[in-house]
Amino acid sequence: MRIVDLRLHHKARVRQAAALLVEGFRHNWPDSWSDMDDALEEVHEALDEERICRVAVDDRGNVVGWIGAIPEYDGHAWELHPLVVDPAVQGQGVGRALVADLEEQVRERGGLTIYLGSDDVSGMTSLAGVDLYPDPLVHLAQIQNRRRHPFEFYQKLGYAIVGVIPDANGWGKPDIWMAKRVGRPPEGKP
C-alpha cells in the first residue's frame, strides 16, 4: 500500500473514492452519501487546491482508503473530512496510515491542530437517543462505545474528545468533536 495525492485526472481513482464513501458510510451514516452522485460531488469538492486529498492505493493501484482535510482558522487548524476505508481491509492499518500521513501533510503546511466531528446518528454511543441538556459535558465525561463508533479509533491515535454538539443531526443525534495537536509550538512556548 502507498499513499498519494488524489487528482482530478485520476478518473478511476476519483470514482473509487466516491464508491468508498457510499459503501463505507451506508450502514451507520446512511444519509451521508446515499448515492454516487452525492459522493462524486464530495470528492470533487475535496480536490480544491487549498485542501488536502490523499488516497491509499493497493499494489494494483486501486483505492482502498481516502482522507481529506480542510484548512480553517487561517491554516492553524484543519478539519479532517472525510476518512473512509474499504470495509474489506478495515483493521489492517489503512486508516491509521492515512491519519499519520495527513498529520504530516498538515504539519508541513504549518498547521497546529487537526479536528474532526464524528456523528452518532445510529445509536453507536451512550450519547445518542438521550437529552444531553442541561449539561452535555456530564454526559460526554461518561461516554460509552456501544457499537464500534470511531471515536475510540481516533483516541488510539492521540485525538482527544473536546466537545459535543447535542442534536446536531436531529434530536438525540449528536456530533462528537475531537482534536489533536500535530504542529510544534514556537520556540519559548510550552
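Key figures for this structure:
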item: Candidate set: the stretch 110-146, residues that are surrounded by 15 or more Cβ atoms within 10 Å (Cβ to Cβ) and of a type in the set (Ser, Thr, Tyr); chosen: the one farthest from residue 50 (Cα to Cα); result: 126
item: Meets criteria (assigned to a helix (DSSP H, G or I) and either modelled with pLDDT of 95 or more or of a type in the set (Ser, Thr, Tyr) (or both)) for residue 95; result: yes
item: Some residue of the stretch 63-70 being surrounded by fewer than 17 Cβ atoms within 10 Å (Cβ to Cβ) and not in a strand (DSSP E or B); result: no
item: Qualifying residue in the stretch 147-156 (condition: modelled with pLDDT under 95, loosely packed, with under 13 Cβ neighbours inside 10 Å and assigned to a loop (DSSP other than H, G, I, E, B)); result: yes
item: Selected residue (criterion: surrounded by the fewest Cβ atoms within 10 Å (Cβ to Cβ)) from residues of the stretch 18-40 that are small (Gly, Ala, Ser) and at pLDDT 90 or above; result: 19
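The values are calculated or read from the model by the stated rules, or taken from the named source; none is laboratory data. Computed from a predicted model, the values in this text were never measured in an experiment. Glycine also receives a Cβ, built like all others from the backbone with ideal geometry; neighbour counts cover every protein chain displayed.
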